[in-house]
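What follows is a set of notes on a single structure, which appears directly below.
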Amino acid sequence: MRSRYLLLYIFLNSSATLLAQDFSQPARDALMITRMAANFHVHPRPLDDTFSVDVFNQLISILDENKIYFTQSDLNNLEKYKTQLDDEIKLSKTDFLKITTNIFTKRLRESDSMISIIARKAFDFSMNEKVTQQEIKSFPTDAKSMYKKLYKMMKRSALYRLLDHERLIALDAGNRKKYVDGIEPGIRQKVRARLQNAIQIILQTPGGPFQYVSDSYCKSIAFCYDPHTEYLPVREKENFESELGQRKMVFGFQLEGKDDGTTQIENVVPGSPAYKSGQINKGDKILSIQWDNGAPINVGEADWQFLNQVLSLSNRGKATLQIKKLDSTIKSVTLWKEQANDDEEENKVRSFILKGNKRIGFISLPAFYQDWDNKTNGTNGCANDIGREILKLKKENIQGLILDLRYNGGGSVLEAVELAGIFIDAGPVGQVKERDTKTFTLMDVNRGTMYDGPLVLLVNGYSASASELLAGTLQDYHRALIVGSPTYGKATAQVILPLDTAAIKNVNMDNLPGRSFIKMTISQLFRVNGTTAQFTGVQPDILVPDLSELSTNREKDQSFAIKPSTVAPVRFRALAEINSSDLNSQAKLQMDSSVYFIQLKKYINLIKSDNTPNEISLKLTDAIVDKQEPEQEILTSGSEDSTRANFIIANNAFENQQILANESLKEMNSQWIKFLSNDAQLRVAFNIISSLIK
């Protein structure tokens, strides 16, 4: 009897806590987002029933992406608000927020208990159990259905983990069962921990489910304007500022916790060890961390807090990080921490000399950064740093230059304009159009160029925004050959504004405090020829495929992405067009004889032709038969090729002196050389630019 009263007390106490939460603040933020969008967004939407339905669907998707928490009866209870959220926002009402938070909190706790119960019993992988696509895509009808869905989800996840054990596949039936019986308990507990960690993060972090639902509500409203308009609650801004403000030993990347409880790299700090490695980018996922000669620590499914704990285990040791890229390739990167420093870094970008039948300069630019504080009159921006590297390379008598923008997700548009000016004479480099205004021309006002030799830009499906502006400009001017795969297709620009002041026009927003912030899309970018990279991306002059061609997460695939349009072209003086037909034929011959590109083509065709089965077997023998092996060689060592590079990689004289005096730089440089030596796309680009040189 006492335990029943205790449970009743806990339930009543949690309900009282929920009722005590101040829902008026997220309601005010929601209203402010719509007012700001009406004033500043490049394409504001009317606050009507259609908008309300979109916000409702987006919120449910954020809160329950895998459709395991809400039951169909829950959705039926919430359905009456589906076309009323516009009125709730206008009147700052909180009814929907309260009922959603209450239901969500209850279902999280129920799911947490169910997961614990399911994890107590071993999974039997000899049973003829299946999960259907209909089950995956549907919400459970009731608590019993929720339990069944969680059970199948956990068993499926455990089955996939079993398949990672290559030894298991080679065993006969008897030994295979013994092996499975030995490792299944540990795998089952890892699956349990991952699901429960995701739930506990919501239940136990400051603000709990109330804050999570409130923030998700505001994020949903912002997202329904376009995928790059984003609500930034105060704690996210504080966390970001805290990471930037710490004056201690750092690798130089910021982390972001995902909805599934895992963590990915959100930002790479220019000049930091991670940035100088050239192999770490936004969106990367850390799979494991090995300190010095210790055992690797698996963090592939770790939450933000746990991953930070592992990264904080040492400040002076060597860490080898296994990184999973956006295209699913796996890289091993060794880093040493350095003291966080706001002072100017000499080497924020890396350059090399490719010595073959021609001497080609190579510069990697992972992101467009600028001198945000304007303390040094722009001398700390990436354009200025690229200029310094070009001067070093020119002293080495390079005959051509390759600028690598692969995986460069963009950044400062102003730096893209400055960088274009290094390669072209004064003139227009792009166009910007805000809402209901004339088109403004972005100009390079400096006469002359820093480099006027043969130029190739390497791009792929993750090159976006400022990268596309630069690539499009140099392509329109016939100043460079664009080599690689089509770019991401984002041609919009955003600013970050304080939420509680920016809704009023003509207000000076500098240094004004704000509880929360919003990143708002305020303009569209166009090429000098009047077209846009929005949706279509920049199409390469010479197509060199890579795994980014399989991405289904480009701008055109995003909900609410701003539709492309055109503006009038501006007058500009283009150079003579580069005849790329012979170069295309040459590149095709090289790729047709390359082991890597032959395997890559087969893999891309395999994935594109693959049809998702209506049913997925949860039986181990069926899963082993279905296991696809063709991608393994490409995804883990895809840059290896029997056709070796016809160039060697060297450092410029300036960097040679630095490397001799710094052991960590020496090892990092060795990683760079190994990486570039096995870069199949770079080998093609080298031959292309060598053919351009007269």
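The values are calculated or read from the model by the stated rules, or taken from the named source; none is laboratory data. Keep in mind it's a predicted model, so treat the numbers as computed, not measured. Cβ sites come from the backbone with ideal geometry, for glycine too, and all protein chains shown count toward neighbours. With ligands, DNA and RNA removed, areas are computed over all heavy atoms of the protein, side chains included. Shrake-Rupley method; radii C 1.70, N 1.55, O 1.52, S 1.80 Å.
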Candidate lysines for bridging to K394, where Cα separation is under 27 Å - those fewer than 8 sequence places away on the same chain excluded: K276, K348, K355, K358, K666, K674, K694
Strictly greater than 36 Å: what percent of every Cα pair in the chain meets that? 47
Most to least packed among 452-459, 356-363, 37-44 [average Cβ atoms within 10 Å]: 452-459, 356-363, 37-44
Pairs of alpha-carbon atoms within less than 8 angstrom and 6+ residues apart define the contacts here; what relative contact order does the chain have, in percent? 14
What angle do you read, to the nearest 10 degrees and between 0 and 90, between the alpha-carbon axis of helix 595-609 and the longest principal axis of the chain? 40
Please give the solvent-accessible surface of W291 in Å², to the nearest 10, using a probe radius of 1.4 Å with every protein chain present. 30
What order do you get for 112-125, 400-413 when each peptide is scored by the mean count of other beta carbon atoms within 10 Å, highest first? 400-413, 112-125
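Could you please tell me the mean projected area of the C-alpha convex hull for the stretch 434-494, averaged over all directions and given in square nanometres to one decimal?
Orientation-averaged projected area of the Cα hull: 5.5 nm².
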If you take the beta carbon distance between A122 and E256 as r and set R0 to 35 Å, what does 1/(1 + (r/R0)^6) give as a FRET efficiency, to the nearest 0.05? 0.50
Among A319, N678, F352, whose Cα sits farthest toward the positive end of the charge dipole of the chain (+1 at Cβ of Lys/Arg, -1 at Cβ of Asp/Glu, about the Cα centre)? A319
Nearest 10 degrees, 0 to 90: what angle lies between the long axis of helix 413-423 and the longest principal axis of the chain (Cα atoms)? 20
If R0 = 22 Å, then W291 and M249, at their Cβ-Cβ distance, give a FRET efficiency to the nearest 0.05 of 0.95
Per the Kirkwood treatment, what hydrodynamic radius in Å, one decimal, follows for the stretch 116-204 from the mean inverse distance over all distinct Cα pairs? 14.4
Report the extension gain between N446 and S73 in nm, rounded to one decimal, defined as 0.36 nm multiplied by the number of residues separating them, less their alpha carbon distance. 127.8 nm
In degrees, nearest ten, helix 24-40 long axis to first principal axis of the chain (Cα): 30
Heavy atoms only, 1.4 Å probe, whole protein assembly: order H228, H478 by accessible area, highest first. H478, H228
The distance between the Cα centres of the stretch 549-585 and the stretch 587-613, in whole Å, is 24
